[in-house]
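The values are calculated or read from the model by the stated rules, or taken from the named source; none is laboratory data. Fair warning: this is a prediction, and the values are worked out from it, not measured in the lab. A quick note on method: Cβ atoms are made from the backbone with ideal geometry, for glycine too, and the neighbour counts reach across all protein chains shown. Side chains are part of the model used for accessible areas, which takes the heavy atoms of the whole protein and leaves out ligands, DNA and RNA. Shrake-Rupley method; radii C 1.70, N 1.55, O 1.52, S 1.80 Å.
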Amino acid sequence: MAGSAGVPVTFRSKMAQAVVMLCSVAEQFSQLPVLVVTDSWFGNDGLLRPLNASAYAFELLSRLRANVTLYDLPPQASIRQRGRPRKYGTRLGSASELTASRKTQAKMRSVFLYGKQREVLAYDEVVMLKNLRCPVRLVWVFRKTRWVAFFSTGLTLSAQQVIEYYGARWKIESGFKEIKQEIGSAKSQTRNAHAVINHLNFCMMATTITWIYADRIKADPQRRHVVKGRTSFAFSDVRRLIADAALSEDFLRLWPDREKCRQNTFVSLLLRMVA
């Protein structure tokens, strides 16, 4: 990809790009800590370390991988103890190894998840993670035959907040799908850095306008693909509604009739031959 005047753009990894974007957001909230909610791919020291090295305060909330080893908090060092104080306590085992014992201690918690209040079986505790080199609040969530664990470097967060904040991440993933598939940000043919950024900005603006339109219509649009037990409409339903309105005769009456452009007879002949 080329920048302005054909100058190559310096390559950045996904982690480096994420750090730059997060710091630009944190700059607008310099007096407050920023909670970064990620999937398990970004939930490691590769993201947290450069964020902690920045001038802003960050807290990380992510999904824990099943094979990550957990440690107890380090014991308080005695004043007369020789040597450096321990950074980690006793080894507890991996998340998957501790699942059975933690499930017996779990209790039901009321959380607002996916649009409604739900009861989930969960257990939380504060442990040490070597891959992050810091204490975290770890939250196990148990279902009938499956389980999932989340962690947060913000120890003041409750178990309910950890579950709700991570659950809200699904709306962001849905937004990415809308911008890529419904609006077409992934179909850009540009190779210039500024053109790619402009294309993405226009796609995000179109998405914003679509949701503003959806918020102001009186009646909800009908779902194109009916899902049992779901009454809310999808982004594609709103986009289809806008397309139908834009192609209607009433909408076209707002524009004055334009004179037909003169066509080159030779070009017209070629077009008829191609057709």
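Mind listing just one residue for me: the one in the range 101-133 that is of a type outside the set (Ser, Thr, Tyr) and modelled with pLDDT under 90 and, of those, farthest from Pro50 (Cα to Cα)?
Our first condition is that a residue be of a type outside the set (Ser, Thr, Tyr); within the range 101-133, this holds for 102-103, 105-109, 111-113, 115-122, 124-133.
Still in the list and also modelled with pLDDT under 90: 113, 115-116, 130-133.
Working: Leu113: 31, Gly115: 34, Lys116: 36, Lys130: 16, Asn131: 14, Leu132: 12, Arg133: 13 Å.
Across the range 101-133, the extreme among qualifying residues is Lys116.
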### Query
Taking Val136 and the conditions (1) over 25 Å from the mean Cα position of the chain (by Cα); (2) not in a loop (DSSP other than H, G, I, E, B); (3) not acidic (Asp, Glu), which numbered condition does it fall short on, given that it satisfies the others?
(1)
### Query
Considering only the range 126-144, how many residues are basic (Lys, Arg) and open to solvent by less than 60 Å² (accessible area, probe 1.4 Å)?
1
### Query
Can you find a residue in the range 193-201 that is at pLDDT below 80 and loosely packed, with under 10 Cβ neighbours inside 10 Å?
no
#### Entry: Condition broken by Thr69, with the remaining ones in (1) touching a residue at least 24 places away in the same chain (Cβ under 8 Å); (2) open to solvent by less than 60 Å² (accessible area, probe 1.4 Å); (3) more than 19 Å from Gln161 (Cα to Cα); (4) under 23 Å from the mean Cα position of the chain (by Cα) satisfied
(4)
### Looking only at the range 43-66, and only at residues there that are modelled with pLDDT of 90 or more and within 14 Å of the chain's Cα centre (by Cα), the one that is farthest from Val148 (Cα to Cα)
Leu60
### Query
Met128 fails exactly one of the following numbered conditions: (1) in contact with a Cys (Cβ under 9 Å, 6 or more places away or on another chain); (2) outside any strand (DSSP E or B); (3) not charged (D, E, K, R). What is the number of that condition?
(2)
### Message
Return the residues of the range 80-125 that are open to solvent by less than 40 Å² (accessible area, probe 1.4 Å), farther than 28 Å from Phe58 by Cα and part of a loop (DSSP other than H, G, I, E, B); say none if nothing qualifies.
### Response
Ala106
### Query
In the set Glu97, Glu119, which member is free of Cβ contacts under 8 Å to residues at least 12 places away in the same chain and touching a strand residue (DSSP E or B) at 6+ places or on another chain (Cβ under 6 Å)?
Glu119
